[in-house]
Amino acid sequence: MPSLYIVSCRMFEDELVNIFEGEDENTRLILVENENIEGIEKKLDDASLNYERTSFEDVASKIGPTDEFVVVLHLLEFALDADPDLLKDKVYMTIEEKGELFDGILIFYGLCGNVLGTIESDFAHLGVPVRILKDAQGNIVDDCICAAFGDRNTYVEAMSGEERGTGTYFLTPMQAANWREMLVLAKLTPDPDNVEMTKMVFDYSGYKHVGKVDTGLCYEKKFDETVDEFATLFNFEKKLFEGSTKVADQCYHSIKKEIIG
């Protein structure tokens with residue numbers, strides 16, 4: 001059976017666990033060992049899903065001839081989101097080092113500062129499908145928030161907002177669980193626990209609302225509580241948005257079908 005290499009930001013771990021919960025026993029999941037897998041391991045364990053671990057160096061030894069559909073998942077760190085050029089270098093280097101071993105490659109990222117828009121054509125020389133997250137209209141999603149909305153048009157509409165000049169800070173379940181780290185990475189504040197200073201930065205940047213993007217996933221148990229806390233801390237009005245996992249689901253099943261035939 002063919003093998004699929006998924007290179008993903010940690011931010012998509014909920015969507016990935018959801019995908020693997022829907023897979024059958026013929027799918028064999030292997031995690032590349034690094035400092036980014038603790039969260040997804042807990043969620044896989046909680047869902048009673050089987051998986052293996054391997055070092056990056058030993059990936060080749062894990063994908064030999066088999067009757068199973070082998071998925072190797074390589075999660076990359078949040079910190080890359082703060083530097084688009086560094087993110088591109090890391091994603092490209094990861095594919096260049098191991099991509100030729102697989103029958104297909106799926107990139108769980110969006111444009112991310114417009115640096116990954118040509119990744120499919122840039123790796124066409126591998127001779128296997130290389131795909132990045134796109135909506136049903138074929139648009140590469142902007143980022144993880146855009147992916148959570150299900151399509152780019154809905155995301156753009158939400159970004160525009162109902163009131164001109166007021167911004168919305170969006171929280172998906174994973175964004176909410178890691179909001180302090182994400183604020184630092186976005187350079188909005190060096191100290192997210194300094195609420196007064198962070199509130200001043202939000203005010204200066206025009207943020208007035210927190211947008212709760214509910215994807216329907218419940219792996220992060222304190223999503224509702226965390227969004228409420230965030231809104232209270234920064235005196236934001238809550239806006240609720242219906243999210244979706246369809247971008248992640250469709251992209252995964254599309255490339256799986258493409259490489260299995």
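The values are calculated or read from the model by the stated rules, or taken from the named source; none is laboratory data. These numbers were taken from a predicted model, which means no experiment stands behind them. Neighbour counts are summed over all protein chains in view; Cβ atoms, including those assigned to glycine, are modelled from backbone coordinates with ideal geometry. Please note that ligands, DNA and RNA were not included when accessible areas were found on the heavy atoms of the full protein model with its side chains. Shrake-Rupley method; radii C 1.70, N 1.55, O 1.52, S 1.80 Å.
Brief remarks follow.
- Potential extension, S61-A47 segment - 0.36 nm per residue separation minus Cα distance: 2.3 nm
- In plain terms, the C-alpha convex hull of region 1-100 casts an average shadow of 6.2 nm² when viewed from every direction.
- Residues in the chain average 48 Å² of solvent-accessible surface per residue, probe 1.4 Å, ligands and nucleic acids excluded.
- Here each label is just a point 7 Å from Cα along the line to Cβ, and for K90 and Q137 those points are 3.1 nm apart.
- Proportion of all alpha-carbon pairs of region 65-209 beyond 28 Å (%): 29
- Portion, in percent, of the accessible area of the chain that falls on carbon or sulfur, probe 1.4 Å: 45
- The separation of region 88-152 from region 234-252, counted between C-alpha centres, amounts to 20 Å.
- Using just its DSSP H runs of length 4 or more, each adding -39500 (n - 2.57), the chain gives a mean residue ellipticity at 222 nm of -11000 deg cm²/dmol after division by all residues.
- Were the residues from K238 through E35 laid out at 0.36 nm apart, the gain over their Cα-Cα distance would be 69.8 nm.
- Rg [Å, one decimal], Dmax [Å, integer] - the chain, C-alpha atoms: 18.7, 58
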